[in-house]
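Just so it is clear, none of the values below were taken in a lab; they were calculated from the coordinates. Remember, predicted model here, so these are calculated numbers, not experimental data. Cβ coordinates were reconstructed from backbone atoms using ideal geometry, including for glycine residues, and neighbour counts include every protein chain displayed.
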Amino acid sequence: MKRIINRIKTILLELIVFKLHCVGYVPCHHYRRFYYRLFGMKIGRGSALHMHARFYNPFNISIGDDSIIGEDAVLDGRDKLTIGNHVDIATGVMIYNCEHDVRSSDFHAISARVAIEDYVFIGPSAIILPGVTIKKGAVVGAGAVVTKDVEEYSIVGGVPAKQIGVRGVKDLNYRLGRAAWFR
């Protein structure tokens, strides 16, 4: 009986994820945000998710105020995913918090929360892997693969991501601006 209930829950989640995938193609920011919230995502005031974003489970995803998620982003909510305030996530960024254990004989799934703190910028096509915390003010370069925590105000890049610089400004207080309504 427990197995049947789990299978039904999985099917219902797959239907929700499919619905959100379809909603992601509607060229109206307010419409998409309404449905994302309706299906369990926590989205702060003034935050925007651009078109074609993908989600694996919306119920564990929390986005702070004035944050922007770019086109074609992948947000994995199979474990807790927290995105802070004033975070800019560029086009094609993939944030995963679940993966297979390649060292295991049964290839089982392992998961760990991902946290992205305030004033972080993640460049285009970067990949964030499970268990990572990107601390306040950090910058992740385009195409980087982040496998471990990123310290405050660090600039990281490469595969795997390594520190390549430090953000010179420590008193961050900017706003990202208005959402593009039809993007």
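Sort out which residues of segment 94-149 are of a type in the set (Lys, Arg) and closer than 14 Å to ALA161 by Cα, and write them in order of number.
Within segment 94-149, just LYS148 meets the criteria.
Just the residues that are in contact with a strand residue (DSSP E or B) (Cβ under 6 Å, 6 or more places away or on another chain), more than 17 Å from GLU71 (Cα to Cα) and in a loop (DSSP other than H, G, I, E, B), please, taken from segment 121-134.
PRO130, VAL132
For the list (1) out of contact with any strand residue (DSSP E or B) (no Cβ under 7 Å at 6 or more places or on another chain); (2) in contact (Cβ under 8 Å) with a residue 12 or more places away in the chain; (3) not basic (Lys, Arg), I need the number of the one condition that ALA138 fails.
Condition (1) is where ALA138 drops out.
For VAL146, only one of the following conditions fails: (1) exposed (fewer than 15 other Cβ atoms within 10 Å of the Cβ); (2) in contact with a strand residue (DSSP E or B) (Cβ under 6 Å, 6 or more places away or on another chain). What is its number?
(1)
Within segment 68-82, how many residues turn out to be closer than 17 Å to ILE134 by Cβ and more than 11 Å from the chain's Cα centre (by Cα)?
Adding up the residues that qualify gives 1.
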